[in-house]
Amino acid sequence: MSNRAHRVRAAIVAPAVASIDGLLGPNSWKAFQRELKTYWGYTGAIDGIPGTNTVKALQRMLKTYWGYTGAIDGIAGSGTQAAFQRFANAA
């Protein structure tokens with residue numbers, strides 16, 4: 001995994017792990033949106049809401065590093081979810 005992939009994973013997974021409930025919440029998504037903006041073409045607001053543009057940028061990252069083979073369409077379908085799971089579970 002590249003240094004960029006490690007940074008992105010740390011930005012999204014570490015805040016989620018540190019939270020009380022362990023869920024991926026708005027602060028985690030804000031951190032992730034900042035990374036997606038820097039490296040993956042995200043142009044939306046840093047608002048912590050994983051909308052279509054957040055998912056499109058996420059899909060670009062997942063396609064590069066985590067085996068996502070679907071379209072960059074902003075829909076968090078089963079392929080996006082499976083690739084995101086691989087990303088989240090990476091050691």
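Does K37 meet the test of being farther than 17 Å from L24 by Cβ, in contact with a helix residue (DSSP H, G or I) (Cβ under 8 Å, 6 or more places away or on another chain) and part of a helix (DSSP H, G or I)?
Values: farther than 17 Å from L24 by Cβ: yes; in contact with a helix residue (DSSP H, G or I) (Cβ under 8 Å, 6 or more places away or on another chain): yes; part of a helix (DSSP H, G or I): yes.
Criteria met by K37.
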### Task
Can you work out which of the residues in segment 67-91 that are of a type in the set (F, W, Y) and free of Cβ contacts under 8 Å to residues at least 60 places away in the same chain is surrounded by the most Cβ atoms within 10 Å (Cβ to Cβ)?
Y68
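Conditions (1) part of a helix (DSSP H, G or I); (2) under 17 Å from G25 (Cβ atoms); (3) not hydroxyl-bearing (S, T, Y), marked per residue:
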residue	(1), (2), (3)
T43	no, no, no
D47	no, yes, yes
V55	yes, yes, yes
T69	no, no, no
I72	no, no, yes
I75	no, no, yes
### Task
Please work out which residue is modelled with the lowest pLDDT, limiting yourself to segment 3-59 and to residues that are surrounded by fewer than 18 Cβ atoms within 10 Å (Cβ to Cβ) and acidic (D, E).
D21
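The values are calculated or read from the model by the stated rules, or taken from the named source; none is laboratory data. This one's a predicted model, so the numbers in the text were calculated from it and none came from an experiment. Every residue, glycine as well, gets a Cβ built from its backbone with ideal geometry; the counts of neighbours run over all protein chains shown.
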